[in-house]
Amino acid sequence: MERDEFKILVKAMKAVYADPKFIADKDAFNVWFTLLNDISYEQAHMAIQRYMMTSKFPPTIADIREKVMECIHPEVQEMSELEAWSLVRKGIGNSIYNAEEEFNKLPEACKKAVGTPAMMREWATMDSDELGTVEQSHFIRNYRVAIERMKTDAKLPIDFRNRLEEIRSQALLTVAPAM
């Protein structure tokens, strides 16, 4: 998004939210623009309109990024925990010999919650009662975390996500194994 386009959006928000403290000066404008300029004007425009139509209070940068994410990534929020477990459970049934293939069929959030194809293979050998209670509850907890992380990550600029991933990778390389 260009600076002039962002000015148009700020004028609209200031017209709706008549709070003099809202993006009060050039410095505040610069911070907002810096943290939102990776979003296209069209996406920001739709998200801000949606926010203004549904909220009485001025938005934060995080509110706008969240509305953009809701507009362009609705699939992150579509599947319930039990629907996700149902997909995994179906894949487990064929995972003794085909765990990797079954794992690769899963949506990204399910993959993150399961961990590895080896976990699906292990689950395939378990007692069905334990799988249906203990492992299901572990999966659901992991799935919630995965969905929340995906939602949070989707709100961040792609450059920021890439830098964050580099930092995480470097941190993993510098951690020495415990002996």
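The values are calculated or read from the model by the stated rules, or taken from the named source; none is laboratory data. The model shown is predicted, which means the values in this text are computed figures rather than measured ones. Here the Cβ is made from the backbone with ideal geometry for all residues, glycine too, and neighbour counts use every protein chain on show. Accessible surface areas use protein heavy atoms only, side chains included; no ligands, DNA or RNA. Shrake-Rupley method; radii C 1.70, N 1.55, O 1.52, S 1.80 Å.
Summary table
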item	result
Trypsin sites (Lys or Arg not before Pro) lying in DSSP loop within the range 123-179, provided at most 13 other Cβ fall within 10 Å	none
For the chain, built as a Gaussian network whose Cα springs stay under 10 Å, the top-fluctuating residue of 62, 44, 154	62
Cα centroid separation - the range 8-28 against the range 123-173, whole Å	37 Å
Positive-end residue, the range 129-179 charge dipole about Cα centroid, Cβ charges, pick of 157, 170, 147	157
Per residue value of the accessible surface for the chain (all protein chains in place, 1.4 Å probe), Å²	64 Å²
Extension reserve of the residue 4-residue 30 stretch, reckoned as 0.36 nm per residue once the Cα distance is removed	8.2 nm
Cα-based shape type of the range 1-72, given that a ≥ b ≥ c are square roots of the gyration tensor eigenvalues and the cut on a/c is 1.5	oblate
Which of 95, 80 is most accessible, then next, and so on - probe 1.4 Å	80, 95
Leading residue at positive end of dipole, the chain (Cβ point charges), from 1, 24, 71	24
Within the accessible area of the range 114-169 (1.4 Å probe), percent carbon and sulfur	53 percent
Relative contact order (%) - criterion: Cα under 8 Å, at least six apart; region: the chain	19 percent
Within a Gaussian network of the chain (alpha carbon springs, distance under 10 Å), most fluctuating of 156, 82, 36	82
Charge dipole (debye, nearest 20) of the range 1-88; +1 at Cβ of Lys and Arg, -1 at Cβ of Asp and Glu	580 debye
The range 1-62: trypsin sites (Lys or Arg not before Pro) falling in loop per DSSP and having at most 16 other Cβ within 10 Å	21, 56
Mean ellipticity per residue at 222 nm, deg cm²/dmol - from DSSP H runs of n ≥ 4 across the chain, formula -39500 (n - 2.57)	-22000 deg cm²/dmol
The range 109-168 shape via C-alpha gyration tensor axes, a/c threshold 1.5	prolate
Exposure rank, largest accessible area first [173, 106, 164; 1.4 Å]	173, 164, 106
Overall form of the range 11-134 per C-alpha gyration tensor (a/c, 1.5; a/b vs b/c)	prolate
Charge dipole magnitude, Cβ of K and R +1, D and E -1 - the chain, Cα centre, debye nearest 20	640 debye
